[in-house]
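One structure is given below, encoded as structure tokens.
The values are calculated or read from the model by the stated rules, or taken from the named source; none is laboratory data. Only a predicted model underlies this, so the values are computations on that prediction, with no experimental measurement involved. Here the Cβ positions follow ideal geometry from the backbone for every residue, glycine too, while neighbour counts run over all protein chains shown. Just the protein is used for accessible areas: all its heavy atoms, side chains included, with ligands, DNA and RNA removed. Shrake-Rupley method; radii C 1.70, N 1.55, O 1.52, S 1.80 Å.
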Amino acid sequence: MKHIILAVFVLLLVGCNQNEEFSKADNLEFAAKTHFTMSNVVISAGGNNSNISANNTLNFSGHNENILKNTISGSNETSIISRGIIAEQFNAAHDDIFNVWDQYFTPLYNAYQYDTLQMTDAADEITSLNNSFSELQKEVEGIAIPESLTKRDQQYIQEIKDDLLLAISNRSLAIIEFKSMLGSDEVSHQEFLDIHINNSEKYLKEVEEGSAKLALENEELITVK
């Protein structure tokens, strides 16, 4: 009888040790990888397993949904980064156009209006303006559109890029008209200068709205993630 009791005791002890090792290793490792908890699982005193099955299935359903969201978010991560970088480049070019214009053209035009403009100064300033906008044009043309983006994103970003280039072109045309104004009293030069400036500002407004939309889409994707 003692041998039988001892044998049963040993079997129970081995079983406890195995359960303890399982709880310390496999269960914890699984929980760390999946963040799955058993908080919704209720074991009834009557041994009814229907509640366990229902709640357990519900938990795993939610877990699989999280995996799906993470997978989708992971596939969008590259797009989010790419669009964010491009939006920053567009915003920088947008601001540079205004900064160059305010720094070089506005003082030049004001001096012309008040008849205090020296022709030698005007020539230097116009050269600086042309060089600055040529550099800006090269920078915008150099903004690459990743092939990893969707066709929709590529087309949308290309449209913003084209608007930036058109804004720069119209500023350059305005400079040409201003240069013509210095050697001619024709009213048409002033009219064309105003038209080109207005067109440029319209394109820049489109760039501003387009970049804001890119940033907003990224924020929405990050929030979902």
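Remarks
- Coupling constants for the stretch 103-113 follow from the phi torsions by the Karplus curve (6.51 cos²θ - 1.76 cosθ + 1.60, θ = phi - 60°), and in residue order they are 6, 10, 7, 4, x, 5, 5, 5, 5, 5, 4 Hz; glycine and proline get x.
- Between the listed residues ASN218, LEU136, ILE176, the Cα displaced farthest toward the positive end of the dipole of the stretch 109-225, a dipole computed from Cβ unit charges relative to the Cα centre, is found at ASN218.
- Percent accessible area from carbon and sulfur atoms, the stretch 72-225, protein chains only, probe 1.4 Å: 51 percent
- Backbone HN-Hα couplings from phi across the stretch 139-156 [Karplus 6.51/-1.76/1.60, Hz, Gly and Pro as x]: 5, 5, 4, x, 6, 7, 9, x, 6, 6, 6, 5, 4, 4, 5, 4, 5, 5
- The stretch 79-225, accessible area per residue, ligands and nucleic acids excluded (1.4 Å, Å²): 57 Å²
- For HIS94, solvent-accessible area (1.4 Å; no DNA, RNA or ligand), Å²: 20 Å²
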